[in-house]
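K.L.:
The structure follows.
The values are calculated or read from the model by the stated rules, or taken from the named source; none is laboratory data. Quick caveat: nothing in here was measured; it's all calculated off a predicted structure. Cβ placement follows ideal geometry from the backbone for every residue including glycine, while neighbour counts extend to all protein chains displayed. In case anyone asks, the SASA skips ligands and DNA or RNA and just uses the protein heavy atoms, side chains included. Shrake-Rupley method; radii C 1.70, N 1.55, O 1.52, S 1.80 Å.
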Amino acid sequence: MASASLWNVPELALTSLNRLIGNLLYIPNPILASPSNQKRPPQHIKLHYSSSTSLLKKQMAEEVILLDFWPSPFGMRVRIALAEKGIAYDYKEEDLKNKSPLLLAMNPVHKKIPVLIHNGKPVCESLIAVQYIDEVWHDKSPLLPSDPYERAQARFWADYVDKKIYDLGRKIWSTKGEEQEAAKKEFVESLKLLEGELGDKPFFGGQAFGFVDVALVPFYSWFYAYETCGGFSIEAECPKLVAWAKRCLLRESVSKSLPDPEKVHGFVLELKKKYGVE
Ligand SMILES: N[C@@H](CCC(=O)N[C@@H](CS)C(=O)NCC(=O)O)C(=O)O
C-alpha cells in the first residue's frame with residue numbers, strides 16, 4: 001500500500017523520535033504539503049505512539065479522514081473497522097442539510113457519508129470501505145475470512161443486511177397502520193433469518209468478531225427507536241440476536257462507535273416531526 005516512500009524517514013531518526021515524543025505524535029499532512037516545505041504540522045492529525053519503528057513509519061505515511069454523521073449506522077461500520085485495526089483518524093462530522101465541499105468532492109456520485117479518505121483518496125460505500133480497511137491494514141484483527149468460500153458467504157450476509165434492515169427500520173418509524181405492521185413483520189422475519197445464520201456461534205464468522213458483525217451491529221443502536229415507534233420488543237422476538245449484539249458491545253471498538261440508543265431515539269423523533277409523522 002501507499003506510502004512509506006512518501007516519508008522515507010531513516011530508522012535511526014525514528015528511534016530517537018520515539019524517545020522524544022511520548023504518547024502522542026502529530027504529523028504533517030503528506031497530501032497537502034511535502035515534508036520538506038511543511039514546518040509546522042496541522043494539529044488535526046493525531047497518531048498514537050507505537051514502539052515498533054516499522055509500524056510507526058507506516059503510520060507516519062498515513063492520513064486517514066472519515067466524513068461521517070453520528071447517527072449513521074453506515075458510518076458506525078467504518079468507525080468500528082478503524083477501531084478494530086487501531087487506526088488513528090480525523091473524524092469530520094457532516095451537516096447533511098449543508099454538505100461540505102469536501103464531501104461533495106470526495107463522493108460526487110452519491111454525495112453521502114460515510115467517506116473514508118486515505119492519503120487523499122476517497123473510498124465510498126460503507127461495506128466497501130470496511131473491506132478496504134481490512135485489506136490495507138491486514139496484519140491486525142482480520143475481518144473477512146481467508147477462505148474464499150467463507151468470504152463470499154460473509155459478503156452475502158452483509159449484503160442481506162444492506163438490502164433489508166435500514167429500509168425496513170425506516171418504514172417502522174415513518175409509517176403507521178397496516179404499512180407499519182407489514183414493515184414490523186418483515187423486519188422481524190429478516191432478523192430471525194439472521195439469528196438462524198448466527199446459530200450458536202458467538203459471532204457470525206464463528207469465534208472471532210468479523211465482517212457481518214461489523215455490518216449489522218450498528219443497527220442495534222437503532223433498535224430502541226424501532227421498538228418505541230413500532231410498539232414491539234425485538235428481544236422478545238430474537239433473544240439470541242440481542243445477546244449477540246450485547247456480546248459485540250463488550251468490544252471497545254463497538255461500544256465507542258455506537259451512540260446512545262436514547263439519543264438515536266431523540267433523533268428519530270425529530271425526523272418524525274420533520275416528515276410530519278404522528
Ligand atoms: N449505501 C451507503 C448508504 C449511506 C447513506 O445512506 N448515508 C446517509 C446517512 S445515513 C447519507 O449520507 N444521506 C445523505 C443524503 O442522502 O443526501 C453506505 O453503505 O455507505
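K.L.:
Compute the projected area of the convex hull of the Cα atoms of region 61-114, averaged over all viewing directions, and report it in nm² to one decimal place. Walk me through the numbers before you get to the answer.
P.N.:
Working: hull surface 16.2 nm².
Its average projected convex-hull area is 4.1 nm².
K.L.:
So how far apart, in nm, are the two label points at ASP159 and ASP200 if each is 7 Å from Cα heading toward Cβ?
P.N.:
So the two model labels end up 3.1 nm from each other.
K.L.:
Let me ask something else. Taking a spot 7 Å from the Cα of PHE69 along the direction of its beta carbon, which residues of region 175-190 have an amide N less than 20 Å from it?
P.N.:
So the set is 175.
K.L.:
Need the full-extension length gain, LEU269 to GLU237, defined as separation in residues times 0.36 nm minus the C-alpha distance. One decimal, nm.
P.N.:
Numbers: separation 32, 0.36 × 32 = 11.52 nm, distance 2.39 nm.
Taking LEU269 through GLU237 to full extension adds about 9.1 nm, to one decimal.
K.L.:
I would also like to ask the following. May I ask for the net charge around ILE133, where only other residues with Cβ less than 11 Å from the Cβ of ILE133 are counted and Lys, Arg are +1 while Asp, Glu are -1?
P.N.:
The answer is +1.
K.L.:
Let me ask another. Quick check: net charge around GLU195, other residues with Cβ under 10 Å of its Cβ, Lys/Arg +1 and Asp/Glu -1? Mind dumping the intermediate values first?
P.N.:
On the way: positive: LYS192, LYS240; negative: GLU197, GLU237.
Value of the local net charge: 0.
K.L.:
Still on this structure, please answer the following. How much accessible area per residue does region 64-136 have, counting only protein heavy atoms and a probe of 1.4 Å, in square angstrom?
P.N.:
I get 39 Å² per residue for this part.
K.L.:
Please give, to one decimal in nm, the separation of the simple spin-label points placed at GLU135 and GLN207, each 7 Å out from Cα toward the Cβ.
P.N.:
My value for the distance between the label points is 2.8 nm.
K.L.:
Could you point to the residue in ALA81, PRO114, ASN98 farthest towards the positive end of region 64-136's charge dipole, with +1 and -1 charges on the Cβ of Lys/Arg and Asp/Glu respectively?
P.N.:
The one lying farthest along the dipole's positive direction is ASN98.
K.L.:
Stretched out fully, how many nm does the piece from THR228 to LEU193 gain, at 0.36 nm a residue minus the Cα gap?
P.N.:
Values: separation 35, 0.36 × 35 = 12.60 nm, distance 2.24 nm.
That works out to 10.4 nm of additional length.
K.L.:
Taking only the alpha-carbon atoms of region 148-274, what semi-axes of the equivalent ellipsoid follow from 5 times the gyration tensor eigenvalues under a square root, in whole Å, largest first?
P.N.:
For region 148-274, the ellipsoid semi-axes come out as 25, 17, 13 Å.
K.L.:
What is the extension gain from GLU186 to ALA88, computed as 0.36 nm multiplied by their sequence separation minus the C-alpha to C-alpha distance, in nm to one decimal?
P.N.:
Roughly 31.4 nm would be gained on extension.
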